[in-house]
């Protein structure tokens, strides 16, 4: 086996390993998730779901999570949720720090008003 | 006399002025705070005038951690033993210095609760509180172009005083005028969620979206909690075939094939041409070793076609293979 082929095989195995946790637990049964959100192309949706799960997991890692944590977090999402996040992780709201900015701006405005307007 | 004659038109002018101002303000209010205004103008008769869930715990947030704090508040209220620190690894995104809405919903599932995004209505939020369920809301406290997203937990309200009570940031009982809340809530498209134990149904739950929320819990791997939720669902909406499919799937996953079969047969009696029911029943029977019966059912599913055609044909192949063996 040449080293190129070996490398290709290794890459394939890595990808397959990364996908495994996102696959359905048991074959044959149509999952409730699928039944509830039945689309015109259920199979295509299922394949896309596996791909976008590994995408979103990678995107979460790029934002500072370790691989195992990212995978666990994606596993708790529905297909629809994964789709809505894919490629949007920088754009969607992230609830964080409460009053800080609003308070700073408000105090700034008040100072400006009382110092310069009076 | 003259003075009085002069006063009268002045008074009338003043009255007219006040009247116009009031009209303008009223118009502004219903433009700026349409939900608060419509609740004030037409208060639903069956909505309690005030409610407050004083027993909801409080976890003061540390820097940027309002997501874990808000979630811990709701989870702890639902008797889940958890602290905000435990939840940081499940919802917090370091590079964003915050937590995403999807992950707030998803993380509650990991603790065996059903998470449900409310319809974007102030009234629904109040109804949940009145029914005893604290509500996580996403507010935007930024000004102008500055976004400043913040999660808080609404735990009470008073329609007469027009106030809302929240566990928010470092405040254990924040009192916020409802119209101010509506203003900061609007930018998130009035995003709100609840997370409840599987034996409960939120007061404002809609049938199909509630079922999808339970399916999400099942998908996340908590079949035991999902089973309880499906059973509770079927008590309220016994005709829902998809809920029966869900209940049967949780039995199937646990290896309880007889129970799965029983549930699916009842569902099939109600909807004889459901491809999903036929397929899953065939699979259950085949797993029990009754492949001839299973084949007859799966052939019916194959004949019906539809979006699950390839899953059905896989089931058929499997059954045929088992028969040959």
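A short reminder: the numbers here are calculations on the coordinates, not readings from a lab. Small disclaimer: the values here were computed from a predicted structure and weren't measured. Here the Cβ positions follow ideal geometry from the backbone for every residue, glycine too, while neighbour counts run over all protein chains shown.
Quick notes
- C-alpha long axis of helix B:223-236 to longest principal axis of chain B, angle in °: 70 degrees
- Helical content alone sets the calculated 222 nm signal of chain B at -17500 deg cm²/dmol, taking -39,500 (n - 2.57) per DSSP H segment of four or more residues and averaging over every residue.
- Overall shape: oblate for the range B:241-325, with the ratio a/c of the largest to smallest alpha carbon gyration tensor axis at 1.5 or above and b/c at least equal to a/b.
- 10 Å Cβ neighbours from other chains, averaged over peptide B:167-175: 1
- Kirkwood-type radius of the range B:51-179, with distances r between different C-alpha atoms, in Å: 14.8 Å
- Each label point was placed 7 Å from the Cα along the Cα-to-Cβ direction; for residue B:147 and residue B:86 their separation is 3.1 nm.
- Taking only the C-alpha atoms of chain B, the Rg (one decimal) and the largest Cα-Cα distance, Dmax (whole number), read 26.8, 115 Å.
- Taking a ≥ b ≥ c as the square roots of the eigenvalues of the Cα gyration tensor, the range B:140-299 is classed as prolate, since a/c reaches at least 1.5 and a/b is larger than b/c.
- Residues in the range B:49-66 reached by a label modelled at residue A:69 [backbone nitrogen below 20 Å; 7 Å Cα→Cβ]: B:61-66
- 0 to 90° range, to nearest 10: angle between helix B:275-287 axis and chain B longest Cα axis: 50 degrees
- DSSP-defined antiparallel bridges as percent of all bridges, chain B, nearest 5: 100 percent
- Between the C-alpha center of the range B:179-208 and that of the range B:229-276 there is a gap of 28 Å.
- Between the Cα long axis of helix B:291-304 and the first principal axis of chain B there is an angle of about 50°, rounded to the nearest 10.
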